[in-house]
Structure formats: C-alpha cells, structure tokens
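K.L.:
My structure is below; once you've seen it, I'll send some questions.
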Amino acid sequence: MTDQAFEKENDMNENTDNLSHDADNEELLAASLNVDDSVSGMQHLDDEIGEDSELDKLSTELAEAKDKYLRLVAEFENFRRRNAKESLELKQTASKDVIKSLLEVLDDSDRAMKQLESTDDVKIIKEGISLVFNKLHHVLQSKGLKKMESINHDFDADLHEAITEIPAPNEAMAGKVIDEIEPGYYLNDKLIRHAKVVVGK
C-alpha cells in the first residue's frame, strides 16, 4: 500500500472516530438535559408537596383555634349564667334573712296593738311601743344599718340634702346642720340615704 493510500485511510478512520465521538457527546448532552428536566420536575413536585403540607398544617391550626374559640365562648356563657343565678340567689337569700329577722318585730307590733285595744294605761302602752321600736333598731343595726350623725356637724353635700337655710343662732353654727328632717343611713359603711337637713346661714 502506498503512503498516500495509507494516509487517506487514516484520515477516514479519524473522521469516523470524530463522528462517533460527536454522536457520543450528543447522547451525553441529551441524557444530561433529560436528567436536568427530571431534577427540575422533581423539585417542582417537592415544592407542590411542600405547599400542600403547609396548607394542611395551616388548616389544622385554624380548626384547632376555632375549636378553642368555641369552647371559650361556651365556657363564658356558662359562667355568665351561673353568675347571674348565684347573684339572684344571693339577693333572695339576703332579703329572706332580713325579713325573717323583722318577723319578731312584727309579732311584737301585733302584741302591742292588742295591748292598745285592751288597756287605757298610758305607761304600759308607752313601754310596749318603746320595746317594739328598740327591737326594730336592734335588728336593723345587726344587719349593718347605721344612723348618720348630722346635727351640729358641717354641711356636706356628699352626705346631706339641704331642705332650707335659716339664720344660725350664733356664728359658730353658720354652715352647720341645725336641724334634721330625715336622718341619713349607712349600710355596712356605705351611704344608702342622704340626710335631709336644715342648714344655718
């Protein structure tokens, strides 16, 4: 074989190798692109799964929060009803206690009335009435009622209601309570009635 023919054959083999090598490169490139597409698709799928998982988590948290809210509303409603019932029972019990204590005074009043009808002795009548009044005052005081002391005290708009003003008998009584039309009262140290008074000027 001549040198020229040998070189020509070598060139043909090299071209064949180059073509084969190029084909291999194209296959590798295509395979690489397919792998990249698969990876990208998997990442997209993972993102979707992650989003679904986050959505499920938020839905669960929302359901739990709603459940807690409904329970709190129900508990508050039960508390409100129970409190209203206890308050009503307390008021009824307090009234019952006072009324029960006053029944003794009522019994004494009935006895005093019978005595008034059966005797003309003024001394006996006065003693009976005094006993009834004293018992009434004692029962009310035992329930926390306290009479306000107003006469000879300075006029206080928070405690007194001035019915009228009259000239004071002396300068020291100016601005003070001279007379009391209706006494004021405290119940357990809380003012429940203002005193109606006459004030010196």
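K.L.:
In whole Hz and in residue order, list the ³J(HN,Hα) couplings for the range 85-99 that follow from phi through the Karplus curve 6.51 cos²θ - 1.76 cosθ + 1.60, θ = phi - 60°; x for Gly and Pro.
P.N.:
For the range 85-99, the Karplus-derived couplings read 5, 5, 5, 5, 4, 5, 5, 5, 5, 4, 5, 4, 5, 5, 4 Hz, x marking Gly and Pro.
K.L.:
Within the range 97-185, list the GluC sites (Glu not before Pro) lying in a DSSP loop whose Cβ has at most 15 other Cβ atoms in a 10 Å radius. Walk me through the intermediate numbers first.
P.N.:
On the way: sites: 104, 117, 127, 149, 161, 165, 171, 180; in loops: 149.
Passing both the DSSP loop test and the Cβ count: 149.
K.L.:
Excluding residues fewer than 8 places away in the same chain, name every one of the lysines whose C-alpha is closer than 20 Å to that of residue 85.
P.N.:
96
K.L.:
OK, next. Net charge around residue 183, counting only other residues with Cβ within less than 10 Å of its Cβ (Lys, Arg = +1; Asp, Glu = -1)? Please report the intermediate quantities before stating the final value.
P.N.:
Working: positive: 147, 193, 196; negative: 149, 180, 182.
Net of charged neighbours comes to 0.
K.L.:
Taking the Cβ-Cβ separation of residue 82 and residue 103 as r and a Förster radius of 35 Å, what is the calculated FRET efficiency to the nearest 0.05? Could you put the intermediate results ahead of the total?
P.N.:
On the way: r = 31 Å, r/R0 = 0.90.
Between residue 82 and residue 103 the formula returns 0.65.
K.L.:
For the range 146-201, what is the convex hull volume of its Cα atoms per residue in Å³? Spell out each step's value before the answer.
P.N.:
Numbers: hull volume 3.4 nm³, N = 56.
Convex hull volume per residue, Cα atoms: 60 Å³.
K.L.:
Convert each backbone phi in the range 154-167 into a coupling constant with the Karplus relation 6.51 cos²θ - 1.76 cosθ + 1.60 (shift: θ = phi - 60°), then list the ³J(HN,Hα) values in order as whole Hz, x for Gly and Pro.
P.N.:
Per-residue couplings from phi come out as 4, 5, 10, 4, 6, 10, 10, 10, 6, 7, 7, 10, 10, x Hz.
K.L.:
Further, regarding this structure: Once phi is turned into θ = phi - 60°, what whole-Hz ³J(HN,Hα) does the Karplus curve with 6.51, -1.76 and 1.60 give for every residue of the range 185-192, x standing for Gly and Pro?
P.N.:
So the Karplus estimates, Gly and Pro as x, are 9, 10, 10, 6, 6, 10, 5, 10 Hz.
K.L.:
Something else about it: Modelled label-to-label distance, residue 152 and residue 165, 7 Å Cα→beta-carbon offset: nm?
P.N.:
Here the modelled spin labels are 2.4 nm apart.
Where a number appears in this text, it was derived from the coordinates with a stated rule and is not lab data. Fair warning: this is a prediction, and the values are worked out from it, not measured in the lab. No Cβ is skipped: glycine too gets one built from the backbone with ideal geometry, and neighbour counts run over all protein chains shown.
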